[in-house]
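Following: one structure in structure tokens, then a few remarks.
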Number of protein chains: 2
Amino acid sequence: MALADLVRIERNEDGIQAALGVLKQRFGERFQTGQSIREQHAHTTTYIPAQLPDGVVFARSTPEVQEVMGVCATHRVPVIPFGTGTSLEGHVNAPGGGISLDLMGMDKIVSVNAEDLDCTIEPGVTREALNTYLRDTGLFFPIDPGANASLGGMASTRASGTNAVRYGTMRDNVLALTAVTADGRTVTTARRAKKSSAGYDLTRLFIGAEGTLGIITSLTLRLQGIPQAISGGVCPFPSVEAACEAVIATIQMGIPVARIELVNQLQMKAMIAYSKLDYPESPCLFLEFHGTESGVAEQAELFGEIAGEHGGGPFMWTQVAEERTKLWKARHDAYWASLPLRPGARGLSTDVCVPISRLAECIAETERDIEAMGLVAPIVGHVGDGNFHVLVLMDPESTREIAQAEAFVARLNERALAMEGTCTGEHGIGQGKAKFLQMELGAGVDVMRAIKKALDPQNILNPGKIFSFD
Amino acid sequence: MALADLVRIERNEDGIQAALGVLKQRFGERFQTGQSIREQHAHTTTYIPAQLPDGVVFARSTPEVQEVMGVCATHRVPVIPFGTGTSLEGHVNAPGGGISLDLMGMDKIVSVNAEDLDCTIEPGVTREALNTYLRDTGLFFPIDPGANASLGGMASTRASGTNAVRYGTMRDNVLALTAVTADGRTVTTARRAKKSSAGYDLTRLFIGAEGTLGIITSLTLRLQGIPQAISGGVCPFPSVEAACEAVIATIQMGIPVARIELVNQLQMKAMIAYSKLDYPESPCLFLEFHGTESGVAEQAELFGEIAGEHGGGPFMWTQVAEERTKLWKARHDAYWASLPLRPGARGLSTDVCVPISRLAECIAETERDIEAMGLVAPIVGHVGDGNFHVLVLMDPESTREIAQAEAFVARLNERALAMEGTCTGEHGIGQGKAKFLQMELGAGVDVMRAIKKALDPQNILNPGKIFSFD
């Protein structure tokens, strides 16, 4: 993506300079304008070029977030919330400059209510930090995107991961949140009850809003009991289609699979080399089942039968924790395993999600396209949800390769839309997908714009994300 | 509730007369202004007095809904969507007059995608009609409010019911919807993929909006596979507290209970008499488990042990379908069973929902209040979610009794709020709870108002609901 494509927000130079002065005075050492810190806060993980903010505030509390918001509203300056910077769609870029609001200092676990299976945390807590903290309670938080992301960021991109087929996404696992809106007010979206019909669903409105409607300063999350028993394993298939058919049969039979992940042949080859796995170099499903001792054994056996009926197997599964851990570490390392497939390359990750009845067809067409274009692009997928990622490995310095990758992505997104799917299952729209969002939802985007305009009339909350301004 | 408390919307008499003329000409026999039809369309099930619309349009398609919306927008006339009229909070009342838009003629099941476990339907399909239609597919739609409501109405009030503890509420079971907005446009909120991060969650915005943001004309719903086996039964407890403790232990242990319903002593007495049940007259839990043959037996046995540890039992359970059906019919008939407790009375149903750690305390305090006031008011609860209903039986002609009931409800709602709960778990805000919503969410209500104003600047979509205009 050329930098020119990204910059659409005009800089309010006078306002920015005024805000920098005020924030410097107010936050002292917790306000930074050095090049390297600003670069780090526009770090975008993927190939999208960085667009630096003018300064970074390290906030420690909701009132501080309100203060920053107040200063920036007064001077009409963009505010970009920042967590771990692991988003894949340029969400932390500052196309019109402005202030990056680093929330990682807001990392308190405020309360854990074990009886209610919930907890309240600040947005800078990461998913791994939360699960480490919960270890002795018998509870865990299931949502696991690839990165050890902040929970505020995960809420803002409506993240999910490998467990979503069983436990849902961030949409389903946030009971309530507090956000500071563009006018500097603090809004709490719901109470701690497990369900509610109290007016508009503001919780869900802020989840996935990518920081464009407010800055999340607190989250109340649903927790799960750690299952009594877990079984899991790997099952090879002769083709991606056969694997997908087995997935459909498994879901339809109501087997409450906790994880069901597809790894295509090229990705499997990379993982075998990287993680020293002893599996065949063919498309595989990685699975996990949560339940009672007898329940997870029964589920694994049922799945093994289904796999056999679709030409797959043997399904090698285990209840031994160490073996499962090795397996899932290999799965989570898929990205790192892929890079040696093309040394020096950078990855561009796609994120389409389609109805599972169309999944086999969608992946097969995509694999043919990869082959026809001569791309190096392994595939992994949260196939229980119909969501898969192609990692296009390309030379970030080559205009030709970037153009080729963008053409491939456009075809993939359009293919998913034609199959009643979405261009993004879990990464969000950010900077790169505004035009596909328009193709996907049409008039719906106008409704989103109307809401954005009503809640942020100056367009200072993470401007240039979600919406294109063509 | 005195009628004076409800009427807050000034009638736009000229606009209404103009719209009536246009609609009469356009819809002929499918436009009605007779008293009895208008009365039926302001039927409010509970004690809230009816406020009649000026006319009723029986719509048959999305373009017709757009037409009605266009006429009403031109003449600034309220439009009130109507399904089965079984809402409990006066949602179908017309405080400023206007047009009731009856959607029950839009009752087509457009498609069932068995492989994807979803279907697309029109809003006038009822939950029972859908499940009857699905019978041969091995699939079902789990959300079951007491009434055989329309699915459009269920979405609009974010309804749930006895299965929500396992399958979630309407919030969790609508993949996408189409709505006609105040400016007459058709908006589709999402594609058919199981998850998405494509911009603001418009699906969730319309769910629970009570028809104040748009008229739902189509819904894509998630379906569930009919479980291989079901077990269920009734377990008596010495007290409501003991039953609630057993519920907490069950949820915390991760037993995937499909239904766990509390019936207090008075309600049990009424149900024993009405449904000829052979159970003790003490607080009881009604339970159901879904899974495999061995799984549901294991779950029932585990629950039996938990019940015993909390002084409850014996847990009498069965896998025999006829016995379970009798049991759940009795539970669903709880409302009708209650009425003979006070012949001639009308019921006022409350709907608080609290974190389950506070549930026992909330119900116990409420029972003491009922006793102190001498009310006849049985209790049933979806206790796995912390949600319970008190049915206050009162003489609708007695000003004193109405005032007494309203004072009781105010204390109950405030009690739930003080326990971090909500005034409504599944019935919605409607006309009666605007002031409790304000207490519950404060600044959040201002955000809701800003959205309402942005999307319906003339305030013609179901005005006078959710928001108070004091």
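Of all residues in the stretch B:90-104, those satisfying the criterion of being touching a residue at least 60 places away in the same chain (Cβ under 8 Å) and small (Gly, Ala, Ser) are B:GLY90, B:GLY96, B:GLY97, B:GLY98, B:SER100.
Okay, residues lined up against (1) on the phi < 0 side of the Ramachandran plot; (2) more than 14 Å from chain A (Cβ to nearest Cβ); (3) touching a helix residue (DSSP H, G or I) at 6+ places or on another chain (Cβ under 7 Å):
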position	(1), (2), (3)
B:PRO343	yes, yes, no
B:SER357	yes, no, yes
B:ALA364	yes, yes, yes
B:ASP369	yes, yes, yes
B:LEU375	yes, yes, yes
B:VAL380	yes, yes, yes
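Can you pull out every residue in the stretch B:189-220 that is assigned to a strand (DSSP E or B) and at the interface with chain A (Cβ under 7 Å from one of its Cβ atoms)?
So in the stretch B:189-220, the residues assigned to a strand (DSSP E or B) come out as B:215-220.
Matches in the stretch B:189-220: none.
If you go through the stretch B:1-31 and pick out every residue that is over 15 Å from B:ALA50 (Cα atoms) and either buried (at least 16 other Cβ atoms within 10 Å of the Cβ) or modelled with pLDDT under 95 (or both), you end up with 12. Identify, please: which residue in the stretch A:94-130 is within 14 Å of chain B (Cβ to nearest Cβ) and within 27 Å of A:VAL79 (Cα to Cα) and is, among those, surrounded by the fewest Cβ atoms within 10 Å (Cβ to Cβ)? That would be A:VAL110.
Given the options B:GLY124, B:GLY105, B:GLY97, name the one that is assigned to a loop (DSSP other than H, G, I, E, B), at pLDDT 95 or above and under 21 Å from B:THR169 (Cα atoms).
The unique qualifying residue is B:GLY124.
State whether the residues of the stretch A:276-296 include one that is farther than 24 Å from A:LEU266 by Cα and more than 14 Å from chain B (Cβ to nearest Cβ). Looking for residues that are farther than 24 Å from A:LEU266 by Cα and more than 14 Å from chain B (Cβ to nearest Cβ), one finds none in the stretch A:276-296, hence no.
Restricting attention to the stretch A:273-288, and to residues there that are free of Cβ contacts under 8 Å to residues at least 60 places away in the same chain and surrounded by fewer than 17 Cβ atoms within 10 Å (Cβ to Cβ), which single residue is nearest to A:LEU393 (Cα to Cα)? If we take residues in the stretch A:273-288 being free of Cβ contacts under 8 Å to residues at least 60 places away in the same chain and surrounded by fewer than 17 Cβ atoms within 10 Å (Cβ to Cβ), then A:GLU281 is nearest to A:LEU393 (Cα to Cα).
Kindly indicate whether any position in the stretch A:378-390 is touching a Cys at 6+ places or on another chain (Cβ under 6 Å), modelled with pLDDT of 95 or more and farther than 30 Å from B:THR220 by Cβ.
Taking the stretch A:378-390 first, the residues touching a Cys at 6+ places or on another chain (Cβ under 6 Å) are A:386-387.
Next cut, modelled with pLDDT of 95 or more only: A:386-387.
Imposing the further condition that a residue be farther than 30 Å from B:THR220 by Cβ reduces the set to none.
Checked against the condition, which is being touching a Cys at 6+ places or on another chain (Cβ under 6 Å), modelled with pLDDT of 95 or more and farther than 30 Å from B:THR220 by Cβ, the stretch A:378-390 yields no hits at all.
The residue that is nearest to A:SER349 (Cα to Cα), among those in the stretch A:90-142 that are touching a helix residue (DSSP H, G or I) at 6+ places or on another chain (Cβ under 6 Å) and among the acidic types (Asp, Glu), is A:ASP116.
Applying the condition of being modelled with pLDDT of 95 or more and assigned to a helix (DSSP H, G or I) to the stretch A:248-270 and asking which residue is surrounded by the fewest Cβ atoms within 10 Å (Cβ to Cβ) yields A:LYS269. The condition (being more than 30 Å from B:HIS290 (Cβ to Cβ) and touching a strand residue (DSSP E or B) at 6+ places or on another chain (Cβ under 9 Å)) is satisfied by just one residue among A:ILE226, A:ILE272, A:ILE207, A:ILE215: A:ILE215.
Residue count for the stretch B:303-343 under the criterion of being surrounded by 16 or more Cβ atoms within 10 Å (Cβ to Cβ), over 29 Å from the mean Cα position of the chain (by Cα) and assigned to a helix (DSSP H, G or I): the result is 3. When we screen A:GLN40, A:GLN35, A:GLN66 for residues that are closer than 26 Å to A:GLY432 by Cβ, of a type in the set (S, T, N, Q), in contact (Cβ under 8 Å) with a residue 24 or more places away in the chain and surrounded by fewer than 21 Cβ atoms within 10 Å (Cβ to Cβ), the only hit is A:GLN40.
With respect to A:ILE429, determine if the residue is facing chain B (nearest Cβ under 7 Å) and either without any contact (Cβ under 8 Å) to a residue 24 or more places away in the chain or closer than 30 Å to A:ARG368 by Cβ (or both). When the stated conditions are applied, A:ILE429 passes them. Note on the stretch A:384-418: among residues that are within 14 Å of chain B (Cβ to nearest Cβ) and touching an Asp or Glu at 6+ places or on another chain (Cβ under 7 Å), the one that is surrounded by the most Cβ atoms within 10 Å (Cβ to Cβ) is A:ASN387. Could you grab me the full set of residues in the stretch A:230-244 that are surrounded by fewer than 23 Cβ atoms within 10 Å (Cβ to Cβ) and within 14 Å of another protein chain (Cβ to nearest Cβ)? Hits for the stretch A:230-244 are A:ILE230, A:GLU241. Taken as a whole, the stretch B:248-260 holds no residue that is away from chain A (no Cβ under 14 Å) and among the hydrophobic types (A, V, I, L, M, F, W, C). Scanning the stretch B:343-363 for residues that are under 15 Å from B:VAL392 (Cβ atoms) and of a type in the set (S, T, N, Q) turns up B:SER349, B:THR350. Name the residues in the stretch A:131-154 that are crowded, with 24+ Cβ neighbours inside 10 Å, more than 11 Å from every other protein chain (Cβ to nearest Cβ) and either in a helix (DSSP H, G or I) or among the hydroxyl-bearing types (Ser, Thr, Tyr) (or both), would you? Selection gives A:SER150, A:LEU151, A:GLY152, A:GLY153.
Which one of these is under 22 Å from the mean Cα position of the chain (by Cα) and at pLDDT 95 or above: A:ARG158, A:ARG191?
A:ARG158
Here B:PRO280 fulfils each of the conditions (1) assigned to a helix (DSSP H, G or I); (2) farther than 19 Å from B:HIS389 by Cα apart from (1). A search for C-beta distances below 8 Å between a residue of the stretch A:69-89 that is at pLDDT below 95 and any residue that is of a type in the set (Asp, Glu), counting only pairs 6+ apart in sequence or on different chains, returns A:LEU88/A:ASP351.
Yes or no: the stretch A:36-56 includes at least one residue that is in a strand (DSSP E or B) and modelled with pLDDT of 95 or more.
Keep residues of the stretch A:36-56 that are in a strand (DSSP E or B), which gives A:55-56.
Okay, now just the ones that are also modelled with pLDDT of 95 or more, so A:55-56.
Looking through the stretch A:36-56, at least one residue is in a strand (DSSP E or B) and modelled with pLDDT of 95 or more.
Considering every residue within the stretch B:165-185, establish whether at least one is farther than 20 Å from B:ILE216 by Cα and buried (at least 22 other Cβ atoms within 10 Å of the Cβ). Yes: one or more hits. Take the residues of the stretch B:437-469 that are more than 30 Å from A:ALA443 (Cβ to Cβ) and free of Cβ contacts under 8 Å to residues at least 24 places away in the same chain: which is nearest to the other protein chains (Cβ to nearest Cβ)? This residue is B:GLU440.
The values are calculated or read from the model by the stated rules, or taken from the named source; none is laboratory data. Treat the numbers as computed from the prediction; the structure is a model and nothing was measured. Using ideal geometry, Cβ is built from the backbone for each residue, glycine included, and neighbour counts are taken over all protein chains shown.
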